[in-house]
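Engineer: Take this structure, written in structure tokens, and hold onto it; I'll ask about it next.
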Amino acid sequence: IIFVSLQILNLFHAGDLRDSFPSGDEDNTFTGNVDNEINGNWILAPTGSIHEARLKAKVKRRLRKNSSRDSGRGDSLSDNGDVVRSVVPPTSPKGKLLNRRSRMGKGRGLPKKGGAGGKGVWGTPGQVYDEDKVDVKDPNYDAEQENCIYETVVLPLDEETFEKTVTPIVQEYFEHGDANEVAELLAELNLGSMRGDVPMLAVSLALEAKASHRELTSRLLSELCECVLTAADVEASFHKLLKELPDLVLDTPGAPQILGQFIARAVADNILPKSFIDGYKGRVDCEYARAALDRAAVLLRMSRWTGLRIDSLWGSGGGQRPVNQLIKEVNLLLKEYLLSGDTVEAERCLRELEVPHFHHEFVYEAVIMVLESKGNRTLQMILQLLKSFCASTVITVDQLRRGFERVYLDMADLSIDVPCAYSLLEQFVEQSFDAGVIDKKLRDLCPCRGRKRFISEGDGGRLKLESC
């Protein structure tokens, strides 16, 4: 109770003192009263003075904080406690983030770590890293790992993956005919135990293909036997083909004869031993396998006795044949047709040539044959043949037009050997137009021999016409 009474008296006494002193000495008096003690007890200060002290402390803390953050602003405190800011504009936070200089106020303002710090930085510009040296004292050091050689391991192909991978390679080979590319692609694969099935797959695809593709397959087997396959792989493939002939005949009825030709060609190319056929004598129960082996044996005997070239057994592809050979085969086809009159056989032979881009030569030779024969029978047979080929689209309109245009351009030279060539050509063109073989535009392009009129000196000025 005595302590509380003393505090109340001090409050009244402090109020009287504040009224007696001027305003300038108020702060000093307040500070002196607060710092004094009465009988070991603190003297309570007025509420207004405490509030002013708190404001000043708050302003000082704010100044210290701003001075550490923005050292160049130059903020100061006025006499009445207001903060006076300088006219220097504050720096933007974005600029401070992009500034890589040290914010500690130390150093020369260079980037930290010499420019080697920061996200995604692998060192100072121009720094070259040497190979890491193996530390023998490293707890994870293993002496056996120093001589290790790491290689890429390709898993061997299984049966399903093998067929999906190799089939497109063989089919593309039928288009470009480059055996070296096939060998490079197969060398990149880990064939493993499926290596011996490559010839089997190639021959199976060739059974349903054209004769030119079969020739390419025989060449492919001969090329692969030197780098990718072995003679044992080729022999094992033909053994499997003979066993699967009953299934192959369902899709290709002529499979036994075709396989026999493949066997004979492989023996002639020295990728199959000559004892391959002899090893099956008396041991074949399948009639299809027996027919294939008989066909191969007959071809090999014919090559020894009659000089049959087995290396040209399939013939060469249409695009690979020389032009002179194609012209001879076209002429032979037309002569056989004039003798037999079989339009179906002529169409089959023309398709087997596999030269659809060269059918204009067939049209050209056919029209020349009509002009040189000078007979109505040849004209009618050739007209019937062209009409049949146009109806079955064996010969396209473009190839037909090119063939006739070539004849039109060569009429000046043809008329030397065949004086009536112009009249025969006009007759054939008119009948072709009536039969629907050519159109009116192509008919109008047909050349006609110019007729000259002249005045003879002894005919009294009469005009004469020169006929061919």
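Engineer: Mind giving me the nanometre distance, one decimal, between the label points for Asn180 and Thr393, set 7 Å out from Cα along Cα→Cβ?
Structural biologist: 3.9 nm
Engineer: Over the Cα atoms of region 190-305, Rg to Rh with Kirkwood Rh, two decimal places?
Structural biologist: Using Cα coordinates only, the ratio equals 0.94.
Engineer: Could I ask something else about it? Can you pull the accessible area of Cys448 for me, 1.4 Å probe, Å² to the nearest 10?
Structural biologist: My reading of the accessible area for Cys448 is about 90 Å².
Engineer: Using every alpha carbon pair in region 125-259, what percent of pairs falls into each 5 Å bin from 0 up to the bin containing the largest distance?
Structural biologist: Once binned at 5 Å, the Cα pair distances of region 125-259 give 2, 8, 16, 17, 15, 9, 5, 4, 5, 6, 5, 4, 3, 2, 1, 0.
Engineer: Can you give me the distance in nm between label points at Leu55 and Ile327, each placed 7 Å from the Cα along the Cα-to-Cβ direction?
Structural biologist: Between Leu55 and Ile327, the simple spin-label model gives 11.9 nm.
Engineer: Another question, then. Which value, in debye to the nearest 20, describes the size of the charge dipole of region 159-312 about its Cα centre when Lys and Arg Cβ atoms bear +1, Asp and Glu Cβ atoms bear -1, and nothing else is charged?
Structural biologist: Its charge dipole is roughly 960 debye.
Engineer: Let me ask something else about it. Please express the shape of region 357-413 as an equivalent ellipsoid: the semi-axes are the square roots of 5 times the eigenvalues of the C-alpha gyration tensor, given largest first in whole angstrom.
Structural biologist: 18, 16, 7
Engineer: Given points 7 Å out from each Cα along the Cα-Cβ axis, report the Leu445 to Ile416 separation in nanometres with one decimal.
Structural biologist: Taking the two extended label points, one gets 2.4 nm.
Engineer: Regarding region 319-369, what are the three Cα extents along the principal axes, ordered largest first, in Å?
Structural biologist: In descending order, the Cα extents are 29, 22, 15 Å.
Engineer: Kindly identify region 253-302 as rounded, prolate or oblate by the Cα gyration tensor criterion: order the square roots of the eigenvalues as a ≥ b ≥ c, call it rounded if a/c is under 1.5, otherwise compare a/b with b/c, prolate if a/b is larger, else oblate.
Structural biologist: Oblate shape, in that a/c is at least 1.5 and b/c is the bigger or equal ratio.
Engineer: Can you sort Thr217, Thr230 by 1.4 Å-probe accessible area, starting with the largest?
Structural biologist: Descending order: Thr230, Thr217.
Engineer: Say R0 is 56 Å: what FRET efficiency, to the nearest 0.05, do Ile169 and Thr343 get from their beta-carbon distance?
Structural biologist: For R0 = 56 Å, the calculated efficiency reads 0.90.
Engineer: Largest first and in whole Å, what are the equivalent-ellipsoid semi-axes of region 327-448 based on the Cα gyration tensor, each being the root of 5 times an eigenvalue?
Structural biologist: Result for region 327-448: semi-axes of 21, 16, 14 Å.
Engineer: Okay, moving on. In what sequence, largest accessible area first, do Glu354, Glu426, Glu131 appear using a 1.4 Å probe?
Structural biologist: Ranked from most to least accessible, the order is Glu131, Glu426, Glu354.
Engineer: Local charge sum around Thr252 (other residues, Cβ-Cβ under 12 Å, Lys/Arg +1, Asp/Glu -1)?
Structural biologist: Charge balance in the 12 Å sphere: -3.
The values are calculated or read from the model by the stated rules, or taken from the named source; none is laboratory data. In this text the structure is predicted, and so the values were computed from the model without any measurement. Quick reminder, even Gly has a Cβ in these numbers, built from the backbone with ideal geometry, and neighbours come from all protein chains shown. In case anyone asks, the SASA skips ligands and DNA or RNA and just uses the protein heavy atoms, side chains included. Shrake-Rupley method; radii C 1.70, N 1.55, O 1.52, S 1.80 Å.
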